[in-house]
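Shown next, in structure tokens, is the structure this report addresses.
Each reported figure results from applying straightforward, stated rules to the coordinates on display, with no laboratory input. Bear in mind that the values here come from a model prediction, so they are computed numbers and not experimental data. Ideal geometry is used to build each Cβ from the backbone, glycine not excepted, and the neighbour counts take in all protein chains shown.
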């Protein structure tokens, strides 16, 4: 695909010339900042054009998106406006596997600390089955509820931010900006109505940034054990840290003396493939083969020999094997390598998956660092089993569905609904563990 990087060339059409002579508009030379932003935009667009394997699943024209979004880049007056544009284009993919990390010193000009709408007192978001909802508003800042919406249906979905689609892995960028920046939310209500609501970012930064995944995510928690019952409960929030997974591995060994294990992956968005593999291999009794589908399977050598790549990987049992009943908890945010962990444990280690269908973010991650120092991550190598079936958009289907729904929030309120979900998950996990242990008289 063409890069189109010809910043200095302007070829006005006859219509443009006519407008120019009548004062409709004027051409201005690009500033240094605008040129840098175009370079960053082009770099990331091209990386996806070259290596993103899922355009066939998307109902969009990547070239047309480039033309429309790129035309606005030179007119971004502030850094955050450019990054909102770039994030907006990436959000059009609708892929939880795509994320963009931006250095804080690049997001705002002149060293100004950015703030987030999540830091506004009284404002809270919660993802419900993969869609972001507002569950709390600041005093006297709640929007007007549209006509026809029941009084108790007061948790609207955040449909768009700053005019851009909402993708959970990217929306945090759209909620950020310099202090007091206005943020436009488009809210979709239970009856399908869409309304616009304006809020302002805090006037000053806060010491600790809150997260959009209010009930599922605590950035300080990488893993933890819970005191539950005679069975163990290990929650793993990331597959990004070697030291963490070694500690989890020790906890799995200790859990082998209990009645069973609940492995909680509900807030695990994924991470490094090899770390997920390292943990899962503790539960395997035989090798599991997976097939890698590279973005460019056909290559050539000096133009003389053309060859096609077929790649597989095998996950091997790693003693001491965990041999007690195993339950894996999932949510609509369980993604990437965490999904593969859940699927392999479900299919090949006898685990019962309880919770929600996972995100459906299948491919192995590719990381690209842009000219501005930001980092784009996206799935570039599909991973399927020996039947050719993967997880993209399908996710892992639970054996026992225990969901947190919008109806639960409307019935109980956000805090109590989250607590009720925990109790229902615990009850389902207890039933599986004790049923497998043959404890017919165990409490339920």
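Under conditions of 4 °C and 1.567 mPa s, the range 77-206 yields 85 µm² s⁻¹ as its translational diffusion coefficient, taking Rh as the Kirkwood radius over Cα pairs in the Stokes-Einstein equation. Applying 1/(1 + (r/R0)^6) with r as the Cβ-Cβ distance of residue 121 and residue 305 and R0 = 45 angstrom yields a FRET efficiency of 0.10.
Sorting 281-289, 403-411 by their mean Cβ neighbour count within 10 Å, with the most densely packed peptide first, gives 403-411, 281-289.
Put a dot 7 Å past the Cα of residue 129, heading toward its Cβ, do the same for residue 60, and the two dots end up 2.4 nm apart.
On the basis of the beta-carbon distance and an R0 of 35 Å, residue 292 and residue 193 show a calculated FRET efficiency of 0.20. For the pair residue 225 and residue 384, the difference between a 0.36 nm per residue extended length and the Cα-Cα distance amounts to 54.1 nm.
Each of the peptides 311-317, 360-366, 379-385 was scored by the mean count of other Cβ atoms within 10 Å over its residues; in descending order, highest first, they stand as 360-366, 379-385, 311-317.
Here the extension length gained between residue 407 and residue 424 equals 4.6 nm, from 0.36 nm per residue of separation less the Cα-Cα distance. Normalised by the number of residues in the range 223-437, the average gap of Cα pairs under 8 Å and 6 or more apart makes the relative contact order 19 percent. Taking 0.36 nm per residue of separation and subtracting the Cα-Cα distance, full extension of the segment from residue 106 to residue 71 would add 10.5 nm. By the Kirkwood approach, averaging reciprocal distances over each pair of separate Cα atoms, the range 223-437 gets a hydrodynamic radius of 18.4 Å. Rounded to the nearest 5, the antiparallel percentage of DSSP beta bridges internal to the range 223-437 is 60%. A Förster radius of 60 Å combined with the Cβ-Cβ distance from residue 241 to residue 147 puts the calculated FRET efficiency at roughly 0.75.
Out of every Cα-Cα pair that the range 22-155 contains, those further apart than 25 angstrom amount to 48 percent.
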